[in-house]
Amino acid sequence: MNLQPDPCQLEVFHEGRRRRPLVGTLTYHPKTARYSFTYDAKYLRQRHAVTLGPELPLTKPSYQSKVKQLFPSLMDRIPSKENPAYADYCRAAGIEPGEANPVRLLTSVGRRGPCAFIFEPVYRFDRDALITALKEFRQRLDISLSELARMSGAADHPGKD
């Protein structure tokens, strides 16, 4: 079972000298073909929070793109395909030069740039595959679910993640 980057979502972090707080989450909504950006509540309360761009001021917690395009400040982070080095950037980031998904482009060729914001993929896993893998693991070891919980320490902390 492997984790896969979510093609519709990424997290933005602010790279500081000592900390790397979560700034917020960008989500692409396929049904409407629009983007939303939601600032993290803790980030908005920080005294030295920095806006992600002029169209995303710190005055509201959430923004929806008005057109079926990525927010301009985020689009600026993706190198132009007209740039002669664009194919090299893509190869170095491990993606195809023809990649069109802005979320994938931001988390690869646009991941780091001239500012302190860093774009990280959000990873998803298949819950059913995890359940199947755990069941197979238990059967291979011939242990009960309770025994697995005790072995993992989960039985010592009920209700805790």
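The values are calculated or read from the model by the stated rules, or taken from the named source; none is laboratory data. This structure is a prediction, so every number in the text was calculated from the model and none was measured. Reconstructed Cβ throughout: ideal geometry from the backbone, glycine too, with neighbour counts over all protein chains shown.
Points worth noting:
- Neighbours by Cβ (under 6 Å, 6+ apart or cross-chain): first from the range 79-93, farther than 8 Å from V109 by Cα; second of a type outside the set (A, V, I, L, M): Y86/P79; A87/P97
- S108 falls short of the stated requirement of being of a type in the set (S, T, Y) and either touching a residue at least 40 places away in the same chain (Cβ under 8 Å) or over 18 Å from P5 (Cα atoms) (or both).
- Scope the range 72-88; condition within 27 Å of P54 (Cα to Cα) and not charged (D, E, K, R); matching residues: P72, S73, L74, M75, I78, P79, S80, N83, Y86
- Residues satisfying the stated conditions in the range 124-142, i.e. among the basic types (K, R) and in contact (Cβ under 8 Å) with a residue 40 or more places away in the chain: R124
- P121 touching a residue at least 12 places away in the same chain (Cβ under 8 Å) and farther than 17 Å from L74 by Cβ: no
Here is a yes/no grid of residues against (1) more than 15 Å from F13 (Cβ to Cβ); (2) crowded, with 17+ Cβ neighbours inside 10 Å; (3) at pLDDT below 95:
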site	(1), (2), (3)
L44	no, no, no
A49	no, no, yes
K60	yes, no, no
A100	yes, no, yes
S108	yes, yes, yes
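- Against the conditions (1) in the same structural domain as L26 (by TED's automatic domain parsing); (2) among the small types (G, A, S); (3) surrounded by 13 or more Cβ atoms within 10 Å (Cβ to Cβ), A92 satisfies every one except (3).
- Taken over the range 44-68, the criterion of being of a type outside the set (K, R), touching a residue at least 24 places away in the same chain (Cβ under 8 Å) and touching a strand residue (DSSP E or B) at 6+ places or on another chain (Cβ under 7 Å) is satisfied by V50, L52, S62, Y63, Q64, S65.
- Test: residue in the range 69-78 that is loosely packed, with under 11 Cβ neighbours inside 10 Å and free of Cβ contacts under 8 Å to residues at least 60 places away in the same chain: no
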